[in-house]
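Down below is the structure, laid out as structure tokens.
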């Protein structure tokens, strides 16, 4: 596979082949992360497509210091957050006030757990799930997660710690181990 | 410094600032049931949610390549349109500056017309310069 930096350089010159190659590698990664974070394949696909478009339009802003996939996931998480904000605004009040923020997200995005792993992750709140998925599946550094989700490194650590405790309880409750 | 360095340094920082070596950690785990429990939680999670599964097939979905391809096409068109707008804006600004400087001169002296023409040609050359630079950079039509 050609070097990622070279591909990005070619992509910046609007080389369609380079863009196809770049996303052939990174798109499944992005979509996988979003499916785990949103818990909804259709919503994940929509967010991923939005993120790809934004990434292409803003390609000049990418710095090869970080992996392209990291930058792409960061854009996707911003897109996802914006969608959640919009969905919250559009929700009927009783859903937000009675069921709470996470249930409101589930309601808005029609979240559906399809497997043990998905339903386990679904037991976490959206902010903890994002942090856990990025660390556990994608090996992001604390700083990368902090940049991606827009919070301090200390908050990332505490969310990760809480997520681990909650998952442990959930695994025990379901008798998965 | 690459990403791997960053991860190793993060782990080192965690160890140094927590003032703990692997030996310290092992000793503490032997004594502290809460931390043993936490280490157990990490191990359980690693079993139930294998971390190697890092693409969408593992997450139970497949990529829609046709949709992705059309999104890429749309993105490229948006980029080209933006570049065209930038060139157009540059041309408009250049034309405005030329008009502001040379029209008053032309009114004073008809001889200035010749000079205006010379400057006009220079202006056109200047206007096309960014287009040629963009073409050269991209290697195709604008």
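Each value in this text was obtained by applying a stated rule to the coordinates, not by laboratory testing. Only a predicted model underlies this, so the values are computations on that prediction, with no experimental measurement involved. As a convention, Cβ positions derive from the backbone with ideal geometry for all residues, glycine included, and neighbour counts pool all protein chains shown.
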What is the average number of partner chain Cβ atoms found within 10 Å of a Cβ in A:39-48?
3
Among A:74, A:5, rank each residue by its count of other Cβ atoms within 10 Å, from fewest to most, as a rough exposure measure.
A:5, A:74
Tell me, what is the FRET efficiency for residue A:162 and residue A:86 to the nearest 0.05, using R0 = 30 angstrom and their Cβ-Cβ distance as r?
0.70
Order these by the 10 Å Cβ neighbour count, fewest first: A:67, A:135.
A:67, A:135
Taking 0.36 nm per intervening residue step and subtracting the Cα-Cα distance, what contour gain separates residue A:9 from residue A:61 on full extension?
17.5 nm
Assuming 0.36 nm per residue, please report the length gained on full extension of the stretch residue B:32 to residue B:77 beyond their Cα-Cα distance.
10.2 nm
What's the exposure ranking of B:21, A:69, A:119, going from fewest to most Cβ atoms within 10 Å?
B:21, A:119, A:69
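How much length would be gained if the chain were fully extended between residue B:121 and residue B:10, taking 0.36 nm per residue of separation minus their Cα-Cα distance, in nm to one decimal?
On the way: separation 111, 0.36 × 111 = 39.96 nm, distance 5.96 nm.
Between residue B:121 and residue B:10, full extension yields an extra 34.0 nm.
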Taking beta carbons within 10 Å but only from partner chains, what does the mean come to for residues A:29-37?
5
For peptide A:142-155, compute the average count of partner chain beta-carbon atoms within 10 Å of each residue's beta-carbon.
1
Modelling each spin label as a point 7 Å along the Cα-to-Cβ direction, I'd like the residue B:129/residue B:92 distance in nm, to one decimal.
2.2
